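The values are calculated or read from the model by the stated rules, or taken from the named source; none is laboratory data. Just so it is clear, the model here is predicted, and its values are computed rather than measured. Cβ coordinates were reconstructed from backbone atoms using ideal geometry, including for glycine residues, and neighbour counts include every protein chain displayed.
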Amino acid sequence: MVHAISFADVCLLGAGFYLAAWWFRSRRFNLLPPRPPGYPVIDNLFQISSEKNWEDFAALGRKYGDIISISILGTRYVVLNSHRAISAILEKQSIKCSNRPHLTMACHLVGLDKGMPFMDCSDRFRRFRKLFYRLFGTRNSTAAFNHIEEKETRRFLRKVLQTPDDLVNHIRFTAGAIILEVTYGYTVQEGTDPFVTLADEVMAIVSLIATPGAFLVDVIPALRLLPEWFSGTGFLQDAKKYHQLMMESVLWPRLYVVEHMAAGTATPSFASKLLEGGVSPEEEEVIMWACAAVYLGASDTVHSLIHKIKYTLFDV
């Protein structure tokens, strides 16, 4: 006699599969570093803020150790909370840990898979490293840009003497001025500069889309296939805006360099030295993304570094 399968039977079967999957995942988690207890399905989602996740990671590190693990909606993360842990894992075991996380929002929708921060250890990645070493790999190669740092440092100090209360804006201006002239031979305009503003906007976007759990599409990649008119797909419109800004940060400086090289007025820079003599379209694309990595990454890094110096020296 054939029995009809009821809704209750389907629910019990689903619950059984879920419990089995949860048990296997729990056993696999035993191989990972210590982690805070979580909740079914969502795991540690509500324990990590999307705005100041570094503070949450630091707090968990103080409780569970320098190396911890968390899980957000089934995706596992390992967090390194000290310089010693970072050096032990990312430097001494770099061959095992050199790949990047694949985030659907950042890589598929925004297009950051072409940039170095989200790139796996591939031939393209090694080409980037060769380009960086060519101009930044030795003390002699970086000495060519010392005059830029000295010039902008003197301008920075003059600004601080004139308007000390505007220190944060002076820091932002100086960081952008040094990086843009080194990378593209571009002299930053006084006041609000479009390239500096663009770098700030793009770095804010990168910080957002690289945050674990910030976008559901990173947990359920199939959501990227939904039509834009579908309810709850606002992230698709956001991705279009982010992609546009990202491409502007790559193409606008490129256009500046190419135009000045054609006119014979280009200032020696990372980009102009790599482009001189002519390159193929493929090589030019790699060079422009490598320049964008310097332009965006270094602007953020120098800005943070000067802030730390400010708080260390002046205790404000």
Would region 238-249 turn up any residue that is over 20 Å from the mean Cα position of the chain (by Cα) and either modelled with pLDDT of 90 or more or outside the structural domain of L73 (by TED's automatic domain parsing) (or both)?
-> no
For V188, are the conditions met, namely being within 18 Å of the chain's Cα centre (by Cα) and in the same structural domain as P117 (by TED's automatic domain parsing)?
-> no
Report yes if some residue within region 9-20 is at pLDDT 80 or above and farther than 29 Å from P221 by Cβ; otherwise report no.
-> no
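For region 192-218, give me each residue that is charged (D, E, K, R) and within 11 Å of L103 (Cα to Cα).
D218
Listed here are the residues, each with its yes/no results for (1) buried (at least 21 other Cβ atoms within 10 Å of the Cβ); (2) among the acidic types (D, E); (3) more than 21 Å from M116 (Cα to Cα).
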position	(1), (2), (3)
R155	no, no, yes
G185	yes, no, yes
V202	yes, no, no
R224	no, no, yes
L236	no, no, yes
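Can you list the helices (runs of 4 or more DSSP H) lying wholly within region 40-151 that have 2 or more residues being β-branched (V, I, T) and exposed (fewer than 14 other Cβ atoms within 10 Å of the Cβ)?
Answer list for region 40-151: none.
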Please enumerate the residues belonging to region 177-198 that are of a type in the set (D, E, K, R) and within 15 Å of H147 (Cβ to Cβ).
-> E181
Matching entry among V202, V217 (being within 17 Å of the chain's Cα centre (by Cα) and in contact (Cβ under 8 Å) with a residue 60 or more places away in the chain) = V202
Matching entry among L251, L255, L245, L223 (being in a helix (DSSP H, G or I) and closer than 24 Å to R76 by Cα) = L223
Looking at (1) without any contact (Cβ under 8 Å) to a residue 12 or more places away in the chain; (2) at positive phi, which is the only condition S87 fails?
-> (2)
So is T233 in the same structural domain as N146 (by TED's automatic domain parsing), in contact (Cβ under 8 Å) with a residue 60 or more places away in the chain, among the polar types (S, T, N, Q) and farther than 30 Å from H260 by Cα or not?
-> no
Any idea which residue in region 204-220 is surrounded by the most Cβ atoms within 10 Å (Cβ to Cβ), counting only those that are of a type in the set (A, V, I, L, M, F, W, C) and in a helix (DSSP H, G or I)?
-> I209
Region 146-174 residues that are in the same structural domain as T197 (by TED's automatic domain parsing), paired with ones that are outside any helix (DSSP H, G or I) and not basic (K, R) (beta carbon under 7 Å, 6 or more apart) = F173/V188
